[in-house]
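**Student:** Pasting in a structure now, in structure tokens, and then I'll have a few things to ask.
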Amino acid sequence: MSRTSRGTAQEPLVPTDSPTPDPDDRQRKRVRWNSDSLVHGDEPGDSDESSYGDKICLAATYSASKADDRFIDLCSTRVAASGGFFQIRPQKDFRPERGRNNVLSLGLLSDLSEEIPDFPDLDGLTEPRNAYEFMQRRPNSECDPTSRRWNASVRISNFATLDVSPLALGSMGALLDYLVREKAIGDLEPEGIRGLDVRGILSLSLDKVMQINADALFSLQVFETESHASIHSTKTKEGLSLFGTLDSTKTTLGRSLLRTWLLRPSLSFKVIDARHDAVECFTRPENLDIASVMHSQLGGIKNIPRILSALKAGKANLANWQGLVKFTFHTAMLRDKLGELSVAGEVDIVKKLMTSLDIAAFREVGKAIDWEESTLLQRVCVRPHIDEELDNRKHIYNGIDVVLSKVAEGISPTVPQDYATSLNVVYFPQLGFLVCVPMLEEWRSGDGIEVLDGWTFQFSSESHVYLKNDKMHDLDKHLGDLYPSIIDRELEIIHELAESVLPFAEAINEACDICAELDCLLCFAEATNQYNYKRPQMSEENVINIKQGRHPLQEQVVDTFVPNDILIVGGAGIGSYPVVRGESNDLVSGGSVRGNSVVICTGANACGKSVYLKQAALIQLMAQVGFQLPNFILPVDSEVKLLDWLVRVHLTFPVWHGRTGPYDHDMTWPSFVPAESATLGIVDKIFTRVQTRESVSKVQSAFMIDLNQVSLALRNSTARSLILLDEFGKGTAAAGSCIPLIIDRARFPLVINVPFALVAVALDGAALFAGVLKHLLARGSDCPKVLATTHFHELFSTGALEPQKLPITFIHMEIMFTTRSGEIIDDSSTIVTKGESITYLYRTPADGMRDRAVNGLSLESHAARCAQLFGVPAHVVRRAQYVTELLSAHELPKLLDEAISEEEQLDMDHASAICERFLEWDLEAQDASMEEVRERLAQVLGLDMDQEMNA
């Protein structure tokens, strides 16, 4: 979606504050949307569906020619009813490649000169340090199409993750083409896409599912695809991932639905106890065996929608019919087991299964098929006593050997003895009845085969000749072509059977969908029992309060996992102090607890900070996994608004409408979570800056990819969002971020020709990190929930992020240093002693410590100590510690004093004396003769006049 201020062109669905265009201009149509509905949070009443009509007007709608007919009909009817314009465009207009080219041509993305300041280069001879500097130094880069396209390809990911959204790219490309065509009507010299004044790109999202992009899915290891061990195989398997942990599905539809649930966690909840009762019911001790049998029964259910499609197309084979019959059998067994569950009468999934698994509608399927004969002949055969005509044909066909023997006995006396020593009557499908006689030797010569009077030659083989006579024609006439007629009749009967099944296709599909839901719920129940997951308490408050939370993947690969608590309250930025309900050990006063929106975790290297961040996001995602697929085909008179329906069907980018109050109330089925207890509010989006996926196919450096991820979070996050920042800002040194360091001229006379030396310090990363956090905190009640880790300790010691003034919760992961004898060492020491060992406790401070910001903050990463303990040579560690201390104390000259020989020191002293004498020379004195100047210069340089003359 884009924002534009041009009134001459049809605008897309965007928020805009521009004035209403001239109503007299019939070509001008303005699409208006209340922009407040997409800004960080709104009052609950503002997002009611009844207000949708005031926010959007579908002035023009375009659809691809290959779109679903029902979708086209519905869009046409709805747009016509709203007074808009609907048109079907060729499919090529919606190609992703074309859409990407159109998007990259937007001036919004390609023109960066006004947004990016042009810092002067400190040294014109230096080489470009990265791809961005290289592109900026290109001559006439502002007019260079290559530079423009490069800029656009870098910036596009700041707005949305379009690389994995081909349908969205194609739709945007078609929309831009339409705008260009509309604008060209009134322009004498159309400028194409670059002439469009597009001012922004907003992402619309489904209002009932969480937005989580590919980077977040990768960082959290929701999916992990591993290649086959053989390089010649293209098969893959699921590695260590959340999907692999939860996936014990038995059906194809169940596996696909579980993947969909993890890709689109739900935002809606209603009757929270009812949603959780499903998994809780299956995990009751008395229901464990029944649930296991039910899960086994699901293993017999095949991909029924595909089978029904084959039936509808008339292409169903034996395997399809077997799959359909197995479905009826296993669903019957499943329905019987449902009645044996304890305390399941009010569980919604059980009630839906009992209603949908109507055995009476399915029991006739398969009764007409002869499975033994079908297996033998590898085609669908009809069993006896189904069709009398078919039974008669089969009876004749099965007894045809006796008939043919009698016919052969009747024909043999009429055949001369020297013509054939033996004679057979045979039947070939399509050819009918034939007389078969042996091939004589003389017939193999040039004279050819002799044919008796009244007989006709049909064909011959190496050993036999096949002929027809009047008797054979009579058999063809009276008995007919038996085998094809049997097959044709069976096809007719099977077609009639398929026609009788297809009216129940909708009910069967509905039953399959519910069985797929049951499959996923039984997976959750199995994982709950195996990994000791607990039932989360979902809350309408904007809070993440986890007690003794665990990482669902990390705990599988370690002997002992240390759980930790997490408390984050959304909307607790500067000037906002939300209070949420807490548990008994959290209470501050009146049964409530106060928390912050930003939590910064510090500590030593490899102490578990990243795992702490990821486990919070994974627990939240698991709690929101599962939702019912919407019914996309709606009646024309449905009360559901067109915008809501269109967004559910077509838009790729999920969006939360800024709601902070009650949500829609569709039934969902959340998973249990790895924690002792959890009180969780709804999270609408998860953004991560945890892992960087570099590729030679990308035009961005690793740090630029990190910036894109953060930019996407800043542009799209709301008060309900969760942002993970794992050491954001590391790995960059500013090209223009330098601090002036005054040099002592007495000690360093060689640099006397410059006023000061510029020493580059890696400040950009720390400044960006602090700037991002302060920007989010400045949103106040719209501040999202942020979990961050960092090693930029100077931010806290210098006051860039003041722990006592900003609403930030500081925690650290504890470690312990011990001697060889087991004595605990004070961790404030930086000296590594022999035999010293480190113990990672993987725990955060107690709640009482967490309330005090300074006590929860660790200002040491212990990098040097960790390095030596993990094998880095001791002399390297000592040198690193020494350099770090000098840099921290701004004593850089000491480093410059090192490694100077006695001769070099004498040279420096001599040069220093020359510089002092030169500075003492009064150059503004009265004009002197050339000879006097030469004498004075010789004195400054310490040279005799005679030596100079000789030189």
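The values are calculated or read from the model by the stated rules, or taken from the named source; none is laboratory data. On a predicted model such as this, the values are computed, not experimentally measured, just so you know. Methodologically, a virtual Cβ is constructed for each residue, glycine included, from the backbone with ideal geometry; neighbour enumeration extends over all protein chains shown. These area figures cover heavy atoms from the full protein model, side chains too; ligands, DNA and RNA do not enter into them. Shrake-Rupley method; radii C 1.70, N 1.55, O 1.52, S 1.80 Å.
**Student:** Using the Cβ atoms and a cut-off under 11 Å, what net charge is assigned to the surroundings of Lys609, where Lys and Arg are +1 and Asp and Glu are -1?
**Tutor:** Charge balance near Lys609 sits at -1.
**Student:** Then there is this: Near the amide H of Ala60, under 5 Å away, which other amide H atoms are found, from residues 5 or more places off or on another chain, if H is placed in the peptide plane?
**Tutor:** Phe85
**Student:** Could I ask something else about it? So how much accessible area does Val557 have, in Å² to the nearest 10, using a 1.4 Å probe?
**Tutor:** Taking all protein chains as shown, Val557 has close to 90 Å².
**Student:** Under the classification rounded if a/c is under 1.5, otherwise prolate if a/b is larger than b/c and oblate if not, where does the range 412-463 fall, given a ≥ b ≥ c as square roots of the Cα gyration tensor eigenvalues?
**Tutor:** Here the range 412-463 falls in the oblate category.
**Student:** Take the residue pairs Lys237/Lys312; Lys785/Lys805; Lys394/Lys477; Lys237/Lys302 and return only those whose Cα atoms are more than 24 Å apart.
**Tutor:** The pairs that break the limit, which is 24 Å between Cα atoms, are Lys237/Lys312.
**Student:** Provide the gained length on full extension for the span Lys534 to Lys92, in nm with one decimal, where the gain is 0.36 nm per separating residue minus the Cα-Cα distance.
**Tutor:** Stretched out fully, the Lys534 to Lys92 stretch lengthens by 154.1 nm.
**Student:** On a straight-distance basis, which lysines could pair with Lys351 in a cross-link, Cα separation under 22 angstrom, same-chain partners fewer than 8 positions away excluded?
**Tutor:** Those lysines meeting the cut-off are Lys250, Lys270, Lys337.
**Student:** Just to be sure I understand the model, the point goes 7 Å from the Cα along the line to the Cβ. What's the resulting Glu802 to Asp922 distance in nm?
**Tutor:** Taking the simple label geometry, Glu802 and Asp922 are separated by 5.2 nm.
**Student:** Further, regarding this structure: Any idea of the accessible area per residue across the range 165-261, 1.4 Å probe, to the nearest Å²?
**Tutor:** Accessible surface, normalised per residue, equals 47 Å².
**Student:** Let me ask you something else. Solvent-accessible area per residue for the range 480-589 at a 1.4 Å probe radius, Å²?
**Tutor:** 43
**Student:** Continuing with the same structure: Using bins 5 angstrom wide from zero, how does P(r) for the range 345-500 break down, in % of all Cα pairs?
**Tutor:** Percent of pairs per bin, in order: 1, 7, 13, 15, 11, 10, 9, 8, 7, 5, 3, 3, 2, 2, 2, 1, 1, 0, 0.
**Student:** Name the residues whose placed amide hydrogens come within less than 5 Å of the amide hydrogen of Ile815, ignoring near sequence neighbours (fewer than 5 apart) on the same chain.
**Tutor:** Residues meeting the criterion, in which the H sits 1.01 Å from N, are Leu841.
**Student:** Decide, for the range 397-442, between rounded, prolate and oblate: order the square roots of the alpha carbon gyration tensor eigenvalues as a ≥ b ≥ c, take rounded if a/c falls under 1.5, and otherwise choose prolate if a/b is larger than b/c, else oblate.
**Tutor:** oblate
**Student:** May I ask you to order 935-943, 247-255, 209-217, 380-388 by the average number of other C-beta atoms within 10 Å around their residues, highest value first?
**Tutor:** 209-217, 247-255, 380-388, 935-943
**Student:** Under the rule of at least 5 residues apart or a separate chain, name every residue whose amide H is placed under 5 Å from the amide H of Val786.
**Tutor:** Val598, Val599, Ile723
**Student:** Can you give the net charge of the other residues whose Cβ lies under 12 Å from the Cβ of Leu338, counting K and R as +1 and D and E as -1?
**Tutor:** After counting each charged neighbour, the total is +2.
**Student:** Whole-Hz Karplus ³J(HN,Hα) for the range 877-886, in order, using 6.51 cos²θ - 1.76 cosθ + 1.60 and θ = phi - 60°, x for Gly and Pro?
**Tutor:** 5, 4, 5, 5, 5, 5, 5, 4, 5, 5
**Student:** Moving on to the next point. I'd like the accessible area for Arg489, computed on protein heavy atoms only with a 1.4 Å probe and all protein chains in place. Round to 10 Å², please.
**Tutor:** Result for Arg489: roughly 40 Å² accessible.
**Student:** Now for a separate question. Determine the alpha carbon to alpha carbon distance for each of Lys326/Lys367; Lys534/Lys685; Lys547/Lys774; Lys614/Lys685 and list only those over 20 Å.
**Tutor:** Over 20 Å Cα-Cα: Lys534/Lys685; Lys547/Lys774.
**Student:** What list of ³J(HN,Hα) couplings, whole Hz, do you get for the range 779-796 from phi and the Karplus terms 6.51, -1.76, 1.60, once you set θ to phi - 60° and write x for glycine and proline?
**Tutor:** After applying 6.51 cos²θ - 1.76 cosθ + 1.60, I find 6, x, 5, 9, 5, x, 7, 10, 10, 9, 10, 7, 10, 7, 6, 5, 4, 8 Hz.
**Student:** For the range 419-498 and the range 243-315, what is the separation of their Cα centres, given in Å?
**Tutor:** 57
**Student:** Same structure, new question: In the range 251-327, what percent of the accessible surface is made up of carbon and sulfur (1.4 Å probe, ligands and nucleic acids excluded)?
**Tutor:** 49
**Student:** Cα gyration tensor of the range 273-327, axes a ≥ b ≥ c as square roots of the eigenvalues: rounded (a/c below 1.5), prolate (a/b > b/c) or oblate?
**Tutor:** oblate
**Student:** I'd like the Karplus ³J(HN,Hα) series for the range 554-561: coefficients 6.51, -1.76, 1.60, θ = phi - 60°, whole numbers in Hz, and an x wherever there's a Gly or Pro.
**Tutor:** Whole-Hz 3J(HN,Hα) from phi for the range 554-561: 4, 5, 7, 10, 10, 5, 9, 9.
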